[in-house]
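Worksheet for the structure shown next.
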Amino acid sequence: MSNGTDAHAPIPTVTSLDEIYDNVETISAQSGRWNNLIDEFEKRFGRKPTHIARAPGRVNLIGEHIDYALFGVLPAAIERDILIAVAPSGTSDSADATKSSGPIQAQNLDERFQPHEFTAERHDETSEWHLPIDKTKLAWGSYVKAGYFGVLNRFFHHTSKELERPQGVDLLVTGSVPSGAGLSSSAAMVVASTLSFLVINDKLHELTKGNLVELTMENEKRVGVNSGGMDQAASVISMTNEALHVTFHPNLHAEAIALPKSTSPDFNPVFVIANSLVVSDKVVSAKTQYNLRVVETLVAARVLGRSLHVQIGPEEKPTLKEILDRWLNVQHGTVLGPDDLKDGLIRLIRETESLKDTLGADDGLTLEGLIHASGLGPREFRDVYLSWIEVDATHFKLYKRAKHVLSEALRVLQFRDICIASTQVAGGESNASADTLERLGTLMNESHLSCAELFECSCPELDELTSVARGAGAYGSRLTGAGWGGCTVSLVSETNVDSFIQKLKEAYTPYRAMDDDQLREVVFATKPGGGACVFKLD
Ligand code: NG1
């Protein structure tokens, strides 16, 4: 792991845009946006911001819905980001200031998003902070609250310095990551808001990048989605021009993966993001989609493990990766290397096939069947698998979900291998070829099919857009992010990017009436950008 992707590295504080964006065109395109944010902050709050927290969105190149099963994923940060300008506004002036946090005034440059004002309360100095977040609605302020809540409970709890009082903060947000589009605007919001509260309370230096990933994962759960750590890791740890292979078990680890390059633009891969324009509201649909998949994969892990005589305590809910490690007798805390992991996955996929009926085959198990297959009593089952998360389903498709997760985890390792092999240079020449792009593209296509048919997280528009993309010359195309709407990512040769985008415009009905500016908003080439940081203003 290079230093830059080290989860133990400090969170960067920068003082100029060239420490964030790596080329002159991007810096000049971005500086207007940054200056506008500073001017608007001053107009609204009567003074300049002291800092701007920045967190990028991400595109997941491959590895969908496997982070919460603790298998590695391969995302990259994109240049689109969330910026939050902040300044302290003092501590609480209430009669008993230790029971109430400083006031937060959160505004958004986008007028569609209403301002929010709130403070957190607690019963006394030793109790948890109370800051209600409505999990049934999607409100941008919830992400701000989630960041604040995490910082309060981590740093202003009785176990830390009791007498310190959290600062109030004025903040102004602007974002270029579309929401509900699978580019992780939610994680970018939570990372940027967490950074804002950390910096204003002088706590930034107390966390490493890895700590920030963990804290923001916890914070995001408070909004109602039991996400894995992919988005937070990509937003925090990414490095310009490199994708990240993020692994979660036994510890969070990020390995920089250089994407293949070729001296010929014909074989230089470019990733193009295209928004299906179907908005997928993960929070609202969590019971029947995202959170249901979390439960299905966890129960699948228990049923598989039990059938393979893996030891599982009655109160545990191990993930598929943990079951695989136990089945392979990997010592606790030991990292299973990529080749052993691949072999293990291939074997476990075989076992999953032979246990197809036990896992509910294609139609799934009823709740009764699920409880029976788990080997737990009804009450125990509910306590372990259903008491902490709300789901709504008549059938639970353990076989399909497990098969997707295990085969997708294998594809991530194969994608990584191709990137590593093709970027190993001989005499300074990178050796990406048509074959490299075809092999990567095939894995992306297989990933999409698996998401659509086994994990059932696609939708007709994403299926259409990926198929149009293949017809328009992409080597591979797949949904990216949680799915059920949102974006696709396609692998295209550099030479063909413009004609590819033009062909999408002609073939995907919602794009036909768009002018060039509108189209640029929804279809764009991207290259890996840098991770989150705090910009310090004078
Ligand atoms: P997006 O695309 O941001 O909704 C979600 C999860 C990820 C991961 C992907 C599916 C959040 C914040 N992120 O991503 O952890 O599970 O779905 O691969 O919920």
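Contact order for the stretch 397-538, expressed relative to its length and based on alpha carbon pairs under 8 Å spaced 6+ residues apart, stands at 16 percent.
Only the Cβ atoms of Lys and Arg (+1) and of Asp and Glu (-1) were treated as charged; on that basis the dipole of the stretch 402-523 about its Cα centre amounts to roughly 260 debye. Residues of the stretch 167-197 with an amide N closer than 19 Å to a point placed 7 Å from the Cα of residue 514 along the Cα-to-Cβ direction: 175-185.
If I require 20 Å or longer along the helix axis, counting alpha carbons, and a Kyte-Doolittle average no lower than 1.6, what helices from the chain are left? Use full DSSP H segments.
185-200
Here the stretch 99-155 and the stretch 162-216 have alpha carbon centers that stand 12 Å from each other.
Kindly provide the helix-only [θ] at 222 nm of the chain, computed as the sum of -39,500 (n - 2.57) over DSSP H runs of four or more divided by all residues, to the nearest 500 deg cm²/dmol?
Numbers: 15 runs with 206 residues, N = 538.
After summing the helix terms and dividing by the residues of the chain, the value is -12500 deg cm²/dmol.
Share of pairwise Cα-Cα distances greater than 35 Å in the chain is 36 percent (whole percent).
Using Cβ point charges alone (K and R +1, D and E -1), the dipole size of the stretch 41-129 about the Cα centre works out to roughly 460 debye. Cα centroid separation, the stretch 236-287 to the stretch 471-530: 15 Å. Exceedance of the 19 Å cut-off in Cα-Cα distance is limited, within the set 287/403; 221/287; 137/221; 135/397; 221/397; 145/203, to 287/403; 135/397; 221/397. Once a ≥ b ≥ c are taken as the square roots of the eigenvalues of the Cα gyration tensor of the stretch 26-86, is the result rounded (a/c under 1.5), prolate (a/b larger than b/c) or oblate (a/b not larger than b/c)? Prolate, since a/c reaches 1.5 and a/b exceeds b/c.
Among the protein heavy atoms of the chain, carbon and sulfur supply 49% of the accessible surface, probe 1.4 Å, non-protein parts ignored.
How would you order 74-86, 180-192, 101-113 from highest to lowest mean count of nearby Cβ atoms within 10 Å?
Most protected by this proxy first, the peptides run 180-192, 74-86, 101-113.
Between residue 308 and residue 392, the modelled label-to-label distance comes to 3.4 nm, taking each label 7 Å out from Cα in the direction of the beta carbon. Classify the stretch 390-538: rounded, prolate or oblate, from the alpha-carbon gyration tensor (a ≥ b ≥ c, eigenvalue square roots; a/c under 1.5 rounded; otherwise prolate if a/b is larger than b/c)? The shape class here is rounded. Net charge dipole, the chain: roughly 540 debye, given to the nearest 20, about the Cα centre with Cβ charges of +1 for Lys and Arg and -1 for Asp and Glu. Each residue, residue 521 and residue 117, gets one label point 7 Å from its Cα in the Cβ direction; the gap between the two is 3.1 nm.
Extension gain, residue 380-residue 349: 0.36 nm per intervening residue step, less the Cα-Cα distance, totals 8.3 nm. Could you work out the relative contact order of the stretch 203-293, using alpha carbon pairs under 8 angstrom and six or more residues apart, expressed as a whole percent? Relative CO of the stretch 203-293 lands at 22 percent. Per residue, the accessible area of the chain comes to 41 Å², computed with a 1.4 Å probe over protein heavy atoms only. By its C-alpha gyration tensor, with a ≥ b ≥ c as the square roots of the eigenvalues, how is the stretch 119-261 shaped: rounded for a/c under 1.5, else prolate for a/b larger than b/c, else oblate? Cα axes put the stretch 119-261 in the prolate bin.
In this simple spin-label approximation, residue 241 and residue 221 carry label points 7 Å from Cα along the Cα→Cβ vector, and these lie 3.8 nm apart.
The values are calculated or read from the model by the stated rules, or taken from the named source; none is laboratory data. Just so we're clear, the structure is a prediction, and the values are computed from it rather than from any experiment. Quick reminder, even Gly has a Cβ in these numbers, built from the backbone with ideal geometry, and neighbours come from all protein chains shown. All accessible areas refer to the heavy atoms of the entire protein, side chains included, with ligands and DNA or RNA removed. Shrake-Rupley method; radii C 1.70, N 1.55, O 1.52, S 1.80 Å.
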